[in-house]
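What follows is a single structure, written as structure tokens, with notes after it.
The values are calculated or read from the model by the stated rules, or taken from the named source; none is laboratory data. Predicted model only: the values in this text are computed from it and were never measured. FYI the Cβ positions are ideal-geometry reconstructions off the backbone, even for glycines, and counts take in every protein chain you see.
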Amino acid sequence: MAENNNVVGFVPDIAYLKVIFTQKKVPMKNVFLYFLFLLIACNHKEGHATRQKGASAALPASSKEGLPLPDDTSYTTYTTFKQAVQADKNKLKENTPDSISNYLYTRLNKDIYAYWKGTPWDFNGTSRQPGVGTIACGYFVTNTLSDLGFNIQRIKLAQVVSSEMIKTLCVGIRRFAQFDQLRTYLAQQPDNSVYIIGLDFHTGYILKDASGSYFMHANYIGRVGVVKERIEDAKALRDNKSFMIGSLTANTARLQQWVRE
């Protein structure tokens with residue numbers, strides 16, 4: 001019998017034990033006691049492993065002050081983050097369009113992702129609190145834009161086809177029938193840019209910087225939830241026959257309106 005190093009879920013082979021103990025002329029009473037010991041040991045370890053797994057996977061409880069601080073953002077809670085963005089917007093009113101678009105890019109690329117990453121996907125997910133409940137792809141885009149202070153029809157835009165959301169929020173709209181065409185287009189676009197992309201049955205952000213282009217979305221594959229991945233590695237992006245993309249950061253009129261909302 002091969003050694004089984006995986007204790008969790010291990011079930012002793014009764015027939016094997018019976019042969020071993022019979023050959024060594026061990027009383028059957030001892031066989032029974034040995035078998036009982038193994039069952040108790042296995043159940044104890046399995047329960048311990050389950051409790052550990054449950055403890056590590058547990059999400060922090062929500063509160064009026066938001067979730068605890070992620071390691072990769074400079075704000076304390078999600079509520080504090082949203083308040084800080086609102087204060088920053090007031091200071092950005094007289095800034096250049098490039099400064100405003102860079103600010104939006106940074107908040108999405110760094111802070112929104114830091115808070116929302118790992119929040120599970122569900123087709124009916126509408127969570128307003130990162131890490132709590134579930135989120136659908138459309139609601140991930142509109143809820144986070146709303147949290148950044150965009151005055152939009154959050155529910156309506158999340159529920160309509162993504163092309164309507166893109167037309168409402170973006171400029172420079174392009175359509176592609178192949179992923180390679182999309183990749184070539186993005187490679188030619190300026191760094192620190194934010195796009196919204198609509199796919200066959202999915203939507204999310206494209207974030208472009210000097211290192212490449214990234215798809216930030218509520219990933220439905222395996223119900224993984226919010227991730228940010230290189231576009232070349234994003235199966236939910238590549239496996240499509242239709243790509244519609246528009247630039248949010250290039251929409252200077254909308255960004256000027258945003259900092260005054």
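Data table
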{"item": "Verdict on Arg175 being under 22 Å from Arg230 (Cα atoms) and either surrounded by fewer than 19 Cβ atoms within 10 Å (Cβ to Cβ) or touching a Lys or Arg at 6+ places or on another chain (Cβ under 9 Å) (or both)", "result": "yes"}
{"item": "Asp200 being at pLDDT 95 or above, more than 22 Å from Tyr139 (Cα to Cα) and of a type in the set (D, E, K, R)", "result": "no"}
{"item": "Candidates Arg128, Arg154, filtered to the one that is closer than 21 Å to Phe201 by Cα, surrounded by fewer than 23 Cβ atoms within 10 Å (Cβ to Cβ) and either touching a residue at least 40 places away in the same chain (Cβ under 8 Å) or not aromatic (Phe, Trp, Tyr) (or both)", "result": "Arg154"}
{"item": "Lone unmet requirement of (1) surrounded by fewer than 17 Cβ atoms within 10 Å (Cβ to Cβ); (2) β-branched (Val, Ile, Thr); (3) closer than 18 Å to Gly222 by Cβ for Val160", "result": "(3)"}
{"item": "Selected residue (only one of Ala218, Ala234 is touching a residue at least 24 places away in the same chain (Cβ under 8 Å), touching a strand residue (DSSP E or B) at 6+ places or on another chain (Cβ under 6 Å) and buried (at least 22 other Cβ atoms within 10 Å of the Cβ))", "result": "Ala218"}
{"item": "Test result for Ser211, crowded, with 20+ Cβ neighbours inside 10 Å, among the polar types (S, T, N, Q) and either assigned by TED's automatic domain parsing to the domain that holds Gly133 or over 12 Å from Gly138 (Cβ atoms) (or both)", "result": "no"}
